[in-house]
Amino acid sequence: MDLRKENEGDKKIDTTNRPGRVGKKNKAIFPKIDSTDIRILGLLTIGFNNKQISDELKIPLSTTQRRTRNIIQRGLVTNNFIPNYKQLGLKNGMIHVYLADGNIRSTAQKISEMNGITSVSVHVGNSDIVGEFVYEDSEQLVDILSSIKKLEGVNSAVWSEEVYVLPVGRQSITYPYHRMIGDDYAQSLFRKR
């Protein structure tokens, strides 16, 4: 599929009125994006660089670079570097925190300030707060768990250690982006490989 022809009349995606999409309150900071931006976003997510995206979508490299820069500036993607903890002699895992009092925001903030915690997110469903942590030995793990369990309102905390990570397929990662634009581009992309 040659997107050069499609770009002239590229379909704009209004993400403000679609279920599960960006809401009206973000309309000013999240302007409409088109299907090419969505495709670029999907390819960035799986690790493509600008040259690979340009080749894959058959659009000029300068167009890809401009659109990628705009996507990054608008905060639609972030570039995070994650250390290889095993090679550094460290272990990492997750702590699931269950609250008794529902004071999620302040408890999450307190956890985020603890040594060894690398990220904290608030969840709905099973646990209230999920923290990722890094530690060197069991003593540090016990200290982190003990500190969390001592926080007011914490009912329980369970942890798991990461053993290894399996890579996921490209199609799994980009599927949601292509659902946003309602095309079968993902299917055509992966049939070629």
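Checking the stated criteria, S119 turns out not to satisfy the condition of being among the hydroxyl-bearing types (S, T, Y), surrounded by fewer than 16 Cβ atoms within 10 Å (Cβ to Cβ) and more than 15 Å from W159 (Cβ to Cβ). Exactly one residue among I40, I59, I144 is among the β-branched types (V, I, T), buried (at least 18 other Cβ atoms within 10 Å of the Cβ) and over 30 Å from Y175 (Cα atoms), and that residue is I144. Scoring S35 on the criteria (1) among the hydroxyl-bearing types (S, T, Y); (2) under 26 Å from V163 (Cβ atoms); (3) modelled with pLDDT under 90 leaves a single failure, condition (2).
The values are calculated or read from the model by the stated rules, or taken from the named source; none is laboratory data. Quick caveat: nothing in here was measured; it's all calculated off a predicted structure. No Cβ is skipped: glycine too gets one built from the backbone with ideal geometry, and neighbour counts run over all protein chains shown.
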